[in-house]
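Reading through the structure tokens given below for one structure.
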Amino acid sequence: MRITPDEVRRIAALARIQLDDAEVQKMAADMDAILGHFETLGKLPLDDVEPTAQSVALDLPMRDDERERGLAVEDALRPAPESRDGHFVVPKVL
Amino acid sequence: MELCELSAAEIADGVRARKFSTSEVVGSFLACVEKADPGLGAMLHVSVGHIKTQARRVDAKVYGRDDPGPLAGVPIGIKDVFATRGLPTTCGSKILEGWVPSYDATVVRRLRLAGGVVAGKTNCDEFAMGSSTENSAYKPCRNPWDKSRVPGGSSGGSAAGVAARYFPGALGTDTGGSIRQPAALCGVMGLKPTYGRCSRYGLVAYASSLDHPGPFARNAQDLALLLQAMAGYDPRDSTSAPRAVPGYRRAVQLQRERALGRGLWGDVYASSEAAAAGAGNGTGAGEAAADGAGSAAARPLRIGVPKEYFATGQAGVDAAVAAAVRAAIDTLGADGAEVTEVSLPHTDYALAVYYILAPAECSSNLARFDGIRYGLRVKGPDLLATYAATRRAGFGAEVRRRIMLGTYVLSAGYYDAFYRRAQKARTLIRRDFEQAFGKVDVLVTPTSPVTAFKLGERTTDPVSMYLADVYTMAADLAGVPGLSVPCGFDAAGLPVGMQLMGPHFGEMDLLRVAARYEALTDWHTRRPPA
């Protein structure tokens, strides 16, 4: 097995997803099976190949440097689970 | 016949000629959904108030002095991954339950400006991750042709709603096949345009370099009408193409009458390219070009049949699907198209490349769902615990799996082995298409290796579900357009789709081939049992 339960726990912590022990076991098995399908890429000679990040050649035009109205504060806060005095409320960090 | 069962062109013409009103059309849609959707599950959010307000607005234009637009009064289903002002947008996920956006996605706004009516939000796999719509956190969607089977996915509700005659058109997104595969499984047409042809602004991102918004319809003319309204540069999406939009609708009308072997194929092709290269929005120029004046480049349509898409074996194509697509190719050949076998040698690597790159981009994009600014929040003892508990409760199994895979392939020590290699292999897949389109105009393949499968049949093994998109992923990786056209049925009476693929910005050709094919056959007119 390439993916161990400890590796799954490490990745879950990076991904900010809480998993219980049964979910860790299942995730390890699933990830292992999927990663097995990626081995096929190891056979391709890729040393001299440029990577592709975007499929279509893009001009990436800049927007005009003009002020425009953005999202209003009340619209931005309306869907928030908790807000106060024009701010998002988060659990205590420090 | 119910008004909502008409084509988009028929509805728009009828509304504009005051034969019937938009309010009557949406009334017919609401009655259809009330009757049929409890057994189908295509719709996630339908708001009577929202739809009637839009209908009144269009009707006011019809009876006033304003042009109501080319989609006047046409109800359009919107996949629940597009932001819709005033209408819930959940992406089929519990983590966004109750979110009502304060803005429209650009493609939605453009459809409304063209007179279209947002009929409601359609069911989909959570965050567009899946091939059967079974990953919806709310309810499964069923296939109108056989309710024990899936409609495909992830845009299953849009495809099922168009097939069930709720509305003549719908919006979907295609990241690995999520427009074309459900279109094939539901017996309708679905178009994935070139990357950048339609704006992604307001589309909740899954994999940004692979997400393509596009339309569903039941005929090529309606597909062209919808694309015409949606396409074009958007300053709010810097990856949208600053490139003129040709006159798709006019080209489709002309092509219905014109054989693929004798018309002015190369000529129209060359002039639509020329128009597209021009400045301005180009709609008028494109429509003029589509008339095909002059004949210097006249030649038959060249169709390429990539042998890799007809391989048999474990993950290969089903015999009935291959037979139907071969018969469709014969029909196009008999109409004068030149058919040759071609090769896309890196086809077999598409699955691995896709399932590295898409999860990698997904893990990054979905980091924004943290329970702070919108959607669900599950409180933990501190901020980190709040994030982790929210994401555990809010994301379903497949979304978690892809976030985990993506985080893994991007993590220290694995980036070069997986992510970088996949990006390089993506280059080879892209080049396969470039080389093929040096020789042929259009590639024809099966859209899906199989017809609609049973609910639950592929849910236990994630890889078996991933294989449902094996013929559609490469076009997303290469950014080339693809269109699925109904081309027959298997022995169980389930629809088969033929996939047309073209070079970047070759949507016009795909629509023209689809238009000609539907003039020669009647598969697209078949309707599922009531």
Which numbered condition B:T175 misses (of (1) within 14 Å of another protein chain (Cβ to nearest Cβ); (2) more than 18 Å from the chain's Cα centre (by Cα)): (2)
Hits in the range B:300-325 - residues which are among the charged types (D, E, K, R) and either farther than 28 Å from B:V463 by Cβ or in a strand (DSSP E or B) (or both): B:R302
Residue in the range B:389-401 that is farthest from the other protein chains (Cβ to nearest Cβ), counting only those that are in contact with a helix residue (DSSP H, G or I) (Cβ under 6 Å, 6 or more places away or on another chain) and among the small types (G, A, S): B:G396
Subset of the range B:402-414 (residues that are in contact with a helix residue (DSSP H, G or I) (Cβ under 9 Å, 6 or more places away or on another chain) and outside any helix (DSSP H, G or I)): B:S411, B:Y414
Filter result (within 19 Å of B:P462 (Cα to Cα) and among the β-branched types (V, I, T)) within the range A:12-26: A:V24
Residue match in the range A:37-48 (condition: within 20 Å of the chain's Cα centre (by Cα) and not hydroxyl-bearing (S, T, Y)): yes
Residue check, B:P495 more than 30 Å from A:R9 (Cα to Cα), within 14 Å of chain A (Cβ to nearest Cβ) and not aliphatic (A, V, I, L, M): no
Enumeration of residues in the range B:41-65 that are aliphatic (A, V, I, L, M), assigned to a helix (DSSP H, G or I) and buried (at least 16 other Cβ atoms within 10 Å of the Cβ): B:I51, B:A55, B:V58, B:V62
Neighbours by Cβ (under 8 Å, 6+ apart or cross-chain): first from the range B:187-214, within 11 Å of chain A (Cβ to nearest Cβ); second in a strand (DSSP E or B) and hydroxyl-bearing (S, T, Y): B:H212/B:T173
Residue match in the range B:136-151 (condition: within 30 Å of A:A53 (Cβ to Cβ) and of a type outside the set (A, V, I, L, M)): no
Count - residues of the range B:405-420 that are within 9 Å of another protein chain (Cβ to nearest Cβ) and free of Cβ contacts under 8 Å to residues at least 12 places away in the same chain: 4
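If you go through the range B:318-341 one residue at a time, do you hit one that is within 13 Å of chain A (Cβ to nearest Cβ) and of a type in the set (K, R)?
No: the range B:318-341 contains no residue that is within 13 Å of chain A (Cβ to nearest Cβ) and of a type in the set (K, R).
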Some residue of the range A:46-61 being farther than 23 Å from B:V463 by Cβ, of a type in the set (A, V, I, L, M) and more than 7 Å from chain B (Cβ to nearest Cβ): yes
Verdict on A:L41 being facing another protein chain (nearest Cβ under 8 Å), within 30 Å of B:F505 (Cβ to Cβ) and not in a loop (DSSP other than H, G, I, E, B): yes
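Tell me, yes or no, whether the range B:25-32 has at least one residue that is hydroxyl-bearing (S, T, Y), assigned to a helix (DSSP H, G or I) and either surrounded by fewer than 22 Cβ atoms within 10 Å (Cβ to Cβ) or more than 14 Å from chain A (Cβ to nearest Cβ) (or both).
yes
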The range B:334-352 residues that are charged (D, E, K, R), paired with ones that are surrounded by 17 or more Cβ atoms within 10 Å (Cβ to Cβ) (beta carbon under 6 Å, 6 or more apart): B:D335/B:A259; B:D335/B:L260; B:E338/B:P300; B:E338/B:R302; B:E341/B:V305
Residues satisfying the stated conditions in the range B:66-111, i.e. in contact with a Pro (Cβ under 8 Å, 6 or more places away or on another chain), within 13 Å of another protein chain (Cβ to nearest Cβ), without any contact (Cβ under 8 Å) to a residue 60 or more places away in the chain and surrounded by 19 or more Cβ atoms within 10 Å (Cβ to Cβ): none
Residue check, B:L185 at pLDDT 95 or above, farther than 25 Å from B:A72 by Cβ and touching a helix residue (DSSP H, G or I) at 6+ places or on another chain (Cβ under 8 Å): yes
Any chance B:G177 is modelled with pLDDT of 95 or more and either aromatic (F, W, Y) or in contact with a Gly (Cβ under 7 Å, 6 or more places away or on another chain) (or both): no
Tally, over the range B:91-127, of residues that are touching an Asp or Glu at 6+ places or on another chain (Cβ under 8 Å) and of a type outside the set (D, E, K, R): 8
Residue within the range B:164-174 that is among the polar types (S, T, N, Q), part of a loop (DSSP other than H, G, I, E, B) and touching a residue at least 40 places away in the same chain (Cβ under 8 Å) present: no
Search result, residues across the range B:354-388 that are within 7 Å of another protein chain (Cβ to nearest Cβ), buried (at least 20 other Cβ atoms within 10 Å of the Cβ), of a type in the set (A, V, I, L, M, F, W, C) and not in a loop (DSSP other than H, G, I, E, B): B:I356, B:A388
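Using the structure shown, decide if A:K26 is surrounded by 12 or more Cβ atoms within 10 Å (Cβ to Cβ) and more than 8 Å from chain B (Cβ to nearest Cβ).
The answer is yes for A:K26.
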Matching residues in the range B:421-462 - criterion: being under 23 Å from the mean Cα position of the chain (by Cα), polar (S, T, N, Q) and assigned to a loop (DSSP other than H, G, I, E, B): B:T447, B:S448, B:T451, B:T459
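Rundown of residues vs (1) over 26 Å from A:A53 (Cα atoms); (2) within 14 Å of chain A (Cβ to nearest Cβ), yes/no style:
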| position | (1), (2) |
| --- | --- |
| B:Q423 | no, yes |
| B:R426 | no, yes |
| B:I429 | no, yes |
| B:T447 | no, no |
| B:L455 | yes, no |
| B:R458 | yes, yes |
| B:M465 | no, yes |
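The values are calculated or read from the model by the stated rules, or taken from the named source; none is laboratory data. Just so we're clear, the structure is a prediction, and the values are computed from it rather than from any experiment. As a convention, Cβ positions derive from the backbone with ideal geometry for all residues, glycine included, and neighbour counts pool all protein chains shown.
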